[in-house]
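First the structure, in the form of structure tokens, and then the observations on it.
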Amino acid sequence: MTSQSHFDLSGEEPTCATEGVWLSCIACGEEFAPFETVRYVCDDCDGLLEVRYADLPTWEDFDGRGVWRYDAALPFETGVSLPEGATPLHDVPRLESSIGVDRLRVKHEGMNPTGSFKDRGMTVGVRVAEQMGVERLACASTGNTSAALSAYGSRAGLETLVLLPQGKVAAGKVAQASLHGARILEVDGNFDTCLDIVGDLAERGDVYLLNSLNPFRLEGQKTIGLEILEQFRDEEESYPDRIVLPVGNAGNTAALYKCLRELVASSALGDADMPKLTGVQAEGAAPMVEAIEDGRAETRRWDSVETSATAIRIGNPVNAPKALPGIRETGGTAVAVTDGEIKAAQRELAREGVGVEPASAASIAGLRSLREEGVVTADEQVVCLTTGHLLKDPEAAVEAGTEPEAVPGTTQGVRDYLELK
Ligand code: F0G
């Protein structure tokens with residue numbers, strides 16, 4: 001069981017640090033040099049690693065636009081950039097009133113260069129890969145990570161290898177991974193099997209792993225939280241009470257929690273201002289929800305998972321030891337939604353002009369469900385995270401949208417069909 005004390009950010013800079021940056025194990029507290037040796041987990045106990053800094057920034061230290069605006073909170077000043085971040089925080093007035101909360105904004109991460117939040121992690125992760133001098137980058141993916149890795153790896157001039165669960169990745173994502181030049185291996189198994197395999201390859205030194213087990217990727221994803229807080233504060237003159245997000249491997253949940261802890265540690269944010277982190281999973285792939293409901297410190301691996309939201313079709317969330325304390329310590333919760341609820345939410349968002357892929361719509365579906373249960377109250381100010389763009393999964397979009405209708409190729413034929421007088 002992970003001890004809460006190893007989440008403490010107030011420790012002294014260890015001698016292994018390079019320019020104020022080091023790695024620390026969240027399970028046993030062991031500290032490691034950041035860039036000399038490639039490591040993803042603790043040498044001593046296999047616990048998850050976190051990036052630590054001697055100096056934590058406050059709001060005045062941020063300048064510029066996008067992910068690298070927050071370089072004071074990152075291990076480098078810049079990276080392989082397309083550029084990413086600076087995504088919109090949409091108003092969705094009809095959803096706000098139909099769900100029944102005081103304020104609802106949607107942070108649309110589908111507006112990143114490859115159409116998902118993964119770009120924020122990749123710009124930092126690939127920068128670290130360059131630092132380490134590796135040649136071949138790899139990831140397991142339900143699709144979006146592979147699209148981002150393929151684009152950022154190619155831009156850096158590095159070889160990329162992606163392992164995808166055969167037949168379970170949306171068309172837009174495979175198209176991106178393919179055209180940006182990754183070698184695509186379609187594995188006979190689900191995402192968790194792909195991650196097991198790529199983890200083995202990484203351990204043998206065959207590849208540099210760019211899944212969210214890599215602590216540097218989560219540093220980039222932390223900037224989602226920084227942006228939400230800055231944008232919301234500037235436009236609403238307060239911080240949101242709650243951030244609702246879809247959960248798969250729980251990397252984003254872990255990254256948002258780290259963002260909040262660092263801001264509290266630098267006194268940029270009060271303890272009481274931490275938004276409640278609220279995770280949403282699909283009913284057919286909900287090990288995090290199960291762990292929250294059962295009060296467990298770890299998730300149980302679900303060997304069989306199914307959902308039409310293929311991006312979050314994950315049964316063994318590797319970042320659970322970082323994410324579960326985040327949900328609990330911020331007073332948040334986790335909830336499961338059906339594929340039908342996800343589809344309805346995808347349609348509702350689209351009718352407000354916000355086009356997202358199914359997994360993204362889970363955040364709205366989850367908020368609606370929690371509001372109906374009374375867990376979320378009417379006075380709350382909420383930000384829902386939508387993680388990927390509508391065009392990632394064209395088939396799901398067509399299924400949730402209106403049917404094309406065949407008409408004759410003449411104006412009169414069209415007018416007659418529409419029964420125009
Ligand atoms: N939403 C989308 C669109 C995703 O692609 C993912 C994860 C998530 C949510 C869940 O985020 O893992 O941080 O909890 N996609 C990964 C991939 C697994 O391979 O693209 P998480």
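Observations, loosely collected:
- Region 233-253: number of residues that are more than 16 Å from the ligand (Cβ to nearest atom) and surrounded by 22 or more Cβ atoms within 10 Å (Cβ to Cβ): 2
- Any hit, region 158-175, residues being of a type in the set (Val, Ile, Thr), more than 13 Å from the ligand (Cβ to nearest atom), in contact with a Ser or Thr (Cβ under 9 Å, 6 or more places away or on another chain) and assigned by TED's automatic domain parsing to the domain that holds Met132: yes
- Test: residue in region 189-207 that is within 11 Å of the ligand (Cβ to nearest atom), in contact with a strand residue (DSSP E or B) (Cβ under 8 Å, 6 or more places away or on another chain) and without any contact (Cβ under 8 Å) to a residue 40 or more places away in the chain: no
- The set of residues from region 185-207 being buried (at least 17 other Cβ atoms within 10 Å of the Cβ) and in a strand (DSSP E or B) comprises just one member, Val187.
- All of (1) away from the ligand (no atom under 14 Å from the Cβ); (2) touching a Lys or Arg at 6+ places or on another chain (Cβ under 9 Å) hold for Met122 with one exception: (1).
- With respect to being basic (Lys, Arg) and assigned to a helix (DSSP H, G or I), Arg52 falls outside the description.
- Per-region count, region 168-187, residues of a type outside the set (Ser, Thr, Tyr) and closer than 17 Å to Leu391 by Cα: 12
- Taking helices (runs of 4 or more DSSP H) as the structural unit, those lying wholly within region 305-421 and holding at least 2 residues that are within 17 Å of Arg105 (Cβ to Cβ) and in contact (Cβ under 8 Å) with a residue 12 or more places away in the chain correspond to 339-350, 358-373.
- Some residue of region 362-372 being within 11 Å of the ligand (Cβ to nearest atom) and either in contact with a Leu (Cβ under 7 Å, 6 or more places away or on another chain) or not hydroxyl-bearing (Ser, Thr, Tyr) (or both): yes
- Test: residue in region 52-68 that is touching a helix residue (DSSP H, G or I) at 6+ places or on another chain (Cβ under 6 Å), at pLDDT 95 or above and within 30 Å of Asp379 (Cα to Cα): no
- Selection within region 126-150 - of a type outside the set (Lys, Arg) and away from the ligand (no atom under 13 Å from the Cβ): Val126, Val128, Ala129, Glu130, Gln131, Met132, Gly133, Val134, Glu135, Leu137
- Scan of region 333-353 for residues that are under 27 Å from Glu219 (Cβ atoms) and surrounded by fewer than 24 Cβ atoms within 10 Å (Cβ to Cβ), ordered by number: Thr333
- In region 308-330, the condition of being buried (at least 24 other Cβ atoms within 10 Å of the Cβ), of a type in the set (Gly, Ala, Ser), in contact with a strand residue (DSSP E or B) (Cβ under 7 Å, 6 or more places away or on another chain) and more than 26 Å from Thr377 (Cβ to Cβ) is met by at least one residue.
- Identity of the residue in region 276-304, part of a helix (DSSP H, G or I) and within 12 Å of the ligand (Cβ to nearest atom), that ends up farthest from Ala255 (Cα to Cα): Ala285
- Candidates in region 254-304 are the residues that are of a type in the set (A, V, I, L, M) and free of Cβ contacts under 8 Å to residues at least 24 places away in the same chain; of these, the one that is surrounded by the most Cβ atoms within 10 Å (Cβ to Cβ) is Val264.
The values are calculated or read from the model by the stated rules, or taken from the named source; none is laboratory data. Remember, predicted model here, so these are calculated numbers, not experimental data. A quick note on method: Cβ atoms are made from the backbone with ideal geometry, for glycine too, and the neighbour counts reach across all protein chains shown.
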